[in-house]
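Encoded as structure tokens, the structure appears first; notes follow it.
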Amino acid sequence: MTASPLPSLSQRYGERYRWLLLLSVMVGTVASIMSSTIVNVAIPGMSHYFALGQERAQWVSSGFMVAMTVSMLTTPWLLGRYGYRRTYVGTMVLLLAGGIAGGLANDFSLVLIARVAEGLAAGVVQPIPAIIILRAFEPHEQGRASGIFGMGVVLAPAIGPSIGGVLVDLFGWRSIFFMVVPFCLASIWLAYKFVPTTAPGGASAARTSGLDWRGLLIGTVGTLCLLNGLVTLRGDAPLEAAVLLAGAAASLVLFIWWQRRLMAAEGAPLMNMALFGYRQFSMGTVVAFIYGAALFGSTYLLPVYMQVALHLSASHVGTIMLPAGIVLAFTIAGVGRLADRQPTWLLVSIGLALLAISFTLMLALSLGSALWLLVVFAVIGRIGLGFILPSLNLGSMRPLAKPLIPQGASTISFLRMLGGAAGVSLCAIALEWRLAAHGDSLANPLSSPARLAAFNEVFLMLAALCALAICAAWQLRVRAPFPPKTTSEET
């Protein structure tokens, strides 16, 4: 295959090239996001097939999240060493292999391995669109590009759970693993046609510095300690949980120290600490972490709530979420245009408020409530997401110096997913705790007002997290026209 650097592709396709490039990475990102969310519809069926408890079944989601979270930090290095096309195609091949292997697996351990492989691929690919939008598009087009990209990314996963729910009912849980296959194949074809071989900025990919393996190892250990510590809190081993959580805190301190030391030695850290000299970026990472916990925690909680509390089928779950997903897609497209003209901190704050309201409204539901109420509450939450998704990255990364954009995209994605991984575990822990407090268990085949009360208290917890994130979102306001100077030019 003949190499296709960025200038030649731009000359070949003209002004429309940047949109074709965005479409190409959109398809792959759709596949990665679909693989992260659609499996939640199949968790009850998978749990029954493998005779799993709630704790082990949760690792189908959280194991994926751990792998995706950690691998995001490697994106800038992979792009710099192998270029856009090789990195992108490699992740799509790995995601394709994980989907096929997970669908064919007869042992739960193999399912987990396949999910980890999918998570590694999804983590690497997800920061790439933000890098392309901030580099390939002019500032006055970035909001529009983010909106169109976000619309495409959420529309397919919105339809996916509906199709996935029907597939689970008709063909079983295995069928949902194969849903990523056509997207992966299409993305590989588009990559060879439109994605350049260059590294960010149009430079040639170069085998210069090595990957910061020590930083990656420390980040992996810290993430595993955090999630395992949260899971252990659910059992009768408080000392073990305390040790694991202390290990997570120690890993955080060690990671920051190592990144600073590597940067001082003019090395290539996974996370450039100069990023946090930009106030808007620092506050954006706080919002991203809390928002990730609320978003992914609810993505795990809602299907479980509808299936085990309201006793709806998997296909009903997908159908109920479909209108909300479609509304989300069109909201993102509209808000993307607003992000070019309105303060991003205001858009993010409005979105977080709507998300908190949607969680709070869940308390109004009972076993006899009409399903349309659930649809309306879900729509309100998705409108909130539509305000947040295209605004947060732009508001956080616009002030960054261009050499820091790849690092900024991977860092904010990492912290959002770290919050998401913690949020999934936190929701599972809180749900089990509140079920026990109300004298219920998910092993009980019958639902009751006590079970709904337990779920309601977890929804309130998510609403409180969103309210906390609003406080940080207000700090995204611009105070100075120019960003602070950086001490080094890290790519």
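The values are calculated or read from the model by the stated rules, or taken from the named source; none is laboratory data. Being a predicted model, the structure only gives us computed values, none of them experimental. No Cβ is skipped: glycine too gets one built from the backbone with ideal geometry, and neighbour counts run over all protein chains shown.
Taking the conditions exactly as written (aliphatic (A, V, I, L, M) and either surrounded by fewer than 19 Cβ atoms within 10 Å (Cβ to Cβ) or closer than 26 Å to GLY325 by Cα (or both)), does LEU95 satisfy them or not? Against the criterion (aliphatic (A, V, I, L, M) and either surrounded by fewer than 19 Cβ atoms within 10 Å (Cβ to Cβ) or closer than 26 Å to GLY325 by Cα (or both)), LEU95 qualifies.
When we screen ILE100, ILE113, ILE133 for residues that are closer than 19 Å to LEU404 by Cβ and aliphatic (A, V, I, L, M), the only hit is ILE133. Filter segment 431-449 down to residues that are part of a helix (DSSP H, G or I) and either of a type outside the set (Gly, Ala, Ser) or at pLDDT below 85 (or both) and give me whichever is nearest to PHE289 (Cα to Cα). Ranking the candidates gives LEU431 first. Taking segment 264-282 as the range and being polar (S, T, N, Q) and in a loop (DSSP other than H, G, I, E, B) as the test, only ASN272 passes.
Please verify whether GLY384 is at pLDDT 85 or above and either among the hydroxyl-bearing types (Ser, Thr, Tyr) or buried (at least 22 other Cβ atoms within 10 Å of the Cβ) (or both), treating the condition exactly as stated. The answer is yes for GLY384.
Against the definition (modelled with pLDDT of 80 or more, in the same structural domain as ASP169 (by TED's automatic domain parsing) and out of contact with any Cys (no Cβ under 9 Å at 6 or more places or on another chain)), how does VAL317 come out, yes or no? No; evaluated as a whole, the condition is false for this residue. When GLY210, GLY150, GLY164 are screened for being modelled with pLDDT under 85 and surrounded by fewer than 16 Cβ atoms within 10 Å (Cβ to Cβ), only GLY210 passes. Candidates in segment 217-263 are the residues that are surrounded by 17 or more Cβ atoms within 10 Å (Cβ to Cβ) and not in a helix (DSSP H, G or I); of these, the one that is modelled with the highest pLDDT is LEU233. Would you say TYR300 is among the hydroxyl-bearing types (Ser, Thr, Tyr), buried (at least 23 other Cβ atoms within 10 Å of the Cβ), at pLDDT below 80 and in the same structural domain as GLY384 (by TED's automatic domain parsing)? The answer is yes for TYR300.
Of all residues in segment 369-385, those satisfying the criterion of being without any contact (Cβ under 8 Å) to a residue 40 or more places away in the chain, part of a helix (DSSP H, G or I), closer than 22 Å to HIS311 by Cβ and aliphatic (A, V, I, L, M) are LEU373, VAL376. The residue list ILE350, ILE429 contains one member that is under 17 Å from VAL327 (Cβ atoms), of a type in the set (A, V, I, L, M, F, W, C) and surrounded by fewer than 23 Cβ atoms within 10 Å (Cβ to Cβ), which is ILE350. Checking the stated criteria, ALA356 turns out to be touching a Cys at 6+ places or on another chain (Cβ under 7 Å) and at pLDDT 85 or above.
When we screen ALA353, ALA324, ALA409 for residues that are in the same structural domain as TRP77 (by TED's automatic domain parsing), outside any loop (DSSP other than H, G, I, E, B) and under 28 Å from THR74 (Cβ atoms), the only hit is ALA409. Kindly indicate the residue of segment 305-328 that is without any contact (Cβ under 8 Å) to a residue 60 or more places away in the chain and buried (at least 18 other Cβ atoms within 10 Å of the Cβ) and also farthest from CYS427 (Cα to Cα) among those meeting that condition. Restricting to residues being without any contact (Cβ under 8 Å) to a residue 60 or more places away in the chain and buried (at least 18 other Cβ atoms within 10 Å of the Cβ), the top hit is VAL327.
All told, THR331 falls short of being surrounded by fewer than 22 Cβ atoms within 10 Å (Cβ to Cβ), assigned to a helix (DSSP H, G or I) and not aromatic (Phe, Trp, Tyr). All of TYR88, TYR84 fail the test of being touching a Pro at 6+ places or on another chain (Cβ under 6 Å), within 25 Å of TRP213 (Cα to Cα) and assigned to a helix (DSSP H, G or I), apart from TYR84.
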